[in-house]
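Q: Dropping the structure in here first, questions after.
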Amino acid sequence: MNMFGTELTLPNGVTLKNRIVKSAMSEALADAQNNPTQALINLFGQWSAGGAGVLITGNTPIDRMHLEHAGNFVLDPQSDSEKVSALVEAGQSGGAKILAQLAHAGRQTPEAINPHPTSVSEVQLALPGYGAPDAATDEDFAEVIAKFVRSAKIAQDVGFDGVEIHAAHGYLLSSALSPRINTRTDRWGGSLENRARLTVEVVRAVRAAVAPDFIVAVKLNSSDFQKGGFDHADSVLVAVMLEAEGVDFIEISGGNFEEPTAYQHASKTGSTQIREAYFLDYAAAIKDALSIPLMVTGGFRSASVMDAAIEGGKTDLIGMGRPFITDPGFVRKLLSGEIDKAPAIEQAFPPADKLPRGAVLNWFCTQLAIAGATGQPDLSMPVVEGHDRYLAQIQRATEIHLDNRAS
Ligand SMILES: Cc1cc2nc3c(=O)[nH]c(=O)nc-3n(C[C@H](O)[C@H](O)[C@H](O)COP(=O)(O)O)c2cc1C
């Protein structure tokens with residue numbers, strides 16, 4: 001049997017049936033009230049039947065004023081617990097554990113949703129469509145921590161197996177870690193300990209509020225890959241701080257909206273392992289510093305690379321995103337040996353610099369919507385068409401969100 005087909009018991013005693021995890025993918029498949037639609041529930045049913053050990057939801061906001069974009073389901077007191085429970089049941093129907101990825105978008109909240117989002121500082125995102133953020137006060141940080149706890153408790157009440165706190169990709173917690181964005185001189189800024197305070201306090205408060213067998217994970221950048229940003233040495237030290245707070249595993253990714261390193265797709269150089277699992281070498285140093293399990297996400301496709309990564313002690317869990325959209329049933333085929341490589345349709349796409357910004361990501365988002373509605377993606381769709389359709393979908397979702405908020 002492949003190493004990735006073996007069980008893994010987490011520090012809190014929960015056993016995962018295998019090492020393959022569907023990483024978070026922002027689905028934009030919520031209804032006007034930010035509750036899961038049947039299309040989203042269908043996707044989670046397909047993914048669970050597909051054989052993965054764990055499914056992590058897409059970016060699930062803890063606060064309606066700080067969405068990553070309109071259209072994701074939110075976990076707050078307005079959530080419809082029946083619809084969210086239906087999502088959870090679908091996710092668990094094939095034996096997977098399901099985690100909600102809890103997030104506060106911070107300065108990466110689109111301007112249309114909030115022209116002045118709460119961030120760690122007034123340093124604005126260097127991209128069009130994002131407003132001038134307000135630097136959080138102590139009270140704002142206390143509110144953010146309380147909202148993470150509130151959402152985690154709701155997640156537990158509706159039956160999720162756990163939560164993943166999103167501290168990667170430039171959202172609020174990730175931006176607080178970055179000396180480039182976090183320019184504060186109070187106890188939330190400056191030293192690494194201060195920059196990590198928000199993430200550590202969120203994790204501590206969530207861990208204290210939920211049952212011991214409720215999984216608490218964190219997604220962390222191995223680096224922001226930006227000059228003066230959160231770097232690899234910082235990342236190792238923060239991972240150690242998180243282990244001390246009782247997290248069950250840490251997922252390693254990288255980059256942010258300005259530096260979208262997490263979604264590489266067309267690298268032609270290096271060994272298969274370097275081309276595929278682009279954060280694995282960064283993760284190895286983190287793994288060496290930890291005794292809790294590590295999950296690495298980004299580019300894994302070949303069974304041999306996944307096995308070597310686990311056998312070589314570089315990771316315990318293999319996170320994948322895009323293959324779940326191309327073929328929701330691929331994990332079972334990989335486990336049975338029917339295929340030796342997860343679908344990698346994106347490797348045939350033109351390089352990112354030949355496409356509109358975000359095009360590959362947006363194409364996959366369109367495929368999520370099509371697969372949710374019809375049961376299968378439309379893989380023949382040209383990249384730019386998928387991109388344009390997604391932009392139109394988000395525009396509509398934003399209008400619906402704003403109308404709904406006004407009424
Ligand atoms: C459509 C799409 C949406 C994504 N949304 C999220 C998200 O909500 N939260 C997150 O942490 N990562 C998100 N990601 C990143 C994935 O979790 C993963 O890190 C990335 O796709 C690299 O893995 P892969 O090469 O296996 O696709 C998204 C990726 C895709 C393709």
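Quick note: the coordinates plus some simple rules give every number you see, no bench work behind them. As the structure is a computational prediction, the values presented were derived from the model and not from experiment. Positions of Cβ are generated from backbone atoms using ideal geometry, with glycine treated the same way; all protein chains shown enter the neighbour counts.
Q: Lysines near LYS147 by alpha-carbon distance under 22 Å, same-chain residues fewer than 8 away left out - which ones?
A: LYS83, LYS219
Q: Relative to the Cα centre, what is the charge dipole magnitude of segment 155-221, using +1 at the beta carbon of each Lys and Arg, -1 at the beta carbon of each Asp and Glu, and rounding to the nearest 20 debye?
A: That gives segment 155-221 a dipole magnitude of about 420 debye.
Q: If the reach is capped at under 16 angstrom between alpha carbons, list the lysines near LYS314, excluding any in the same chain fewer than eight residues apart.
A: Those lysines meeting the cut-off are LYS287.
Q: Around ASP231, under 14 Å between beta carbons, what's the net of Lys plus Arg minus Asp minus Glu among the other residues?
A: 0
Q: Mind telling me which of ALA103, ALA308, ALA86 comes out most flexible in a GNM of the chain, alpha-carbon contacts under 10 Å?
A: Evaluated over the chain, the most mobile residue of the options is ALA308.
Q: Something else now. Search the structure for amide H atoms under 5 Å from the amide H of ASP134, placed 1.01 Å from N in the peptide plane, and list their residues when 5 or more places away or on another chain.
A: Counting only residues 5 or more places away or on other chains, the set is THR118, SER119.
Q: Of the residues PRO382, PRO293, PRO343, which exhibits the maximal mean-square fluctuation in a Gaussian network model of the chain defined by a 10 Å Cα contact cut-off?
A: Taking springs between Cα atoms under 10 Å, the residue moving most is PRO382.
Q: Among ALA277, LEU242, ALA196, pick out the residue whose Cα is farthest towards the positive end of the charge dipole of segment 186-287, where Lys and Arg carry +1 and Asp and Glu carry -1 on C-beta, about the Cα centre.
A: Value: ALA277.
Q: Between the alpha-carbon centers of segment 145-169 and segment 273-300, tell me the distance in whole angstrom.
A: Taking the Cα centre of segment 273-300 as reference, the centre of segment 145-169 is 24 Å away.
Q: Can you tell me the dipole magnitude for segment 249-407 around its Cα centre, using point charges on the Cβ only (Lys, Arg +1; Asp, Glu -1), in Debye to the nearest 20?
A: The dipole magnitude comes to about 160 debye.
Q: Return PHE225, PHE324 ranked ascending by Cβ neighbour count within 10 Å, so the fewest neighbours appear first.
A: Ranked by crowding around the Cβ, least crowded first: PHE225, PHE324.
Q: Skipping prolines and chain starts, which residues have an amide H placed within reach, meaning under 5 Å, of the one on SER302, given they are 5 or more residues away or on another chain?
A: HN-HN under 5 Å from SER302: ALA342.
Q: Give the shape of the chain as rounded, prolate or oblate, defined through the alpha-carbon gyration tensor: a ≥ b ≥ c are the square roots of its eigenvalues, a/c under 1.5 means rounded, and otherwise the shape is prolate if a/b is larger than b/c and oblate if not.
A: In terms of gyration-tensor shape, rounded.
Q: How about LYS341: which aspartates and glutamates have a C-alpha closer than 18 Å to its C-alpha, ignoring those fewer than 8 places off in the same chain?
A: GLU276, ASP307, GLU311, ASP327
Q: Among residues other than ALA277 whose Cβ falls under 11 Å from its Cβ, what is the net charge (Lys/Arg +1, Asp/Glu -1)?
A: Combined, the nearby Lys, Arg, Asp and Glu give +1.
Q: Ok, one more. What percent do you get for the relative contact order of the chain when only Cα pairs under 8 Å and 6+ apart count?
A: 17 percent
Q: Please rank MET65, MET3, MET320, MET306, fewest neighbouring Cβ atoms within 10 Å first, as an exposure proxy.
A: The fewest-first ordering by Cβ neighbours comes to MET65, MET3, MET320, MET306.
Q: Picking from VAL158, THR326, ALA146, whose Cα lies most toward the positive end of the charge dipole for the chain (charges on Cβ: Lys, Arg +1; Asp, Glu -1)?
A: Going by the charge dipole, the pick is THR326.
Q: Where nothing but the Cβ of Lys and Arg (+1) and of Asp and Glu (-1) is charged, how large is the charge dipole of the chain around its Cα centre, in debye to the nearest 20?
A: 540 debye
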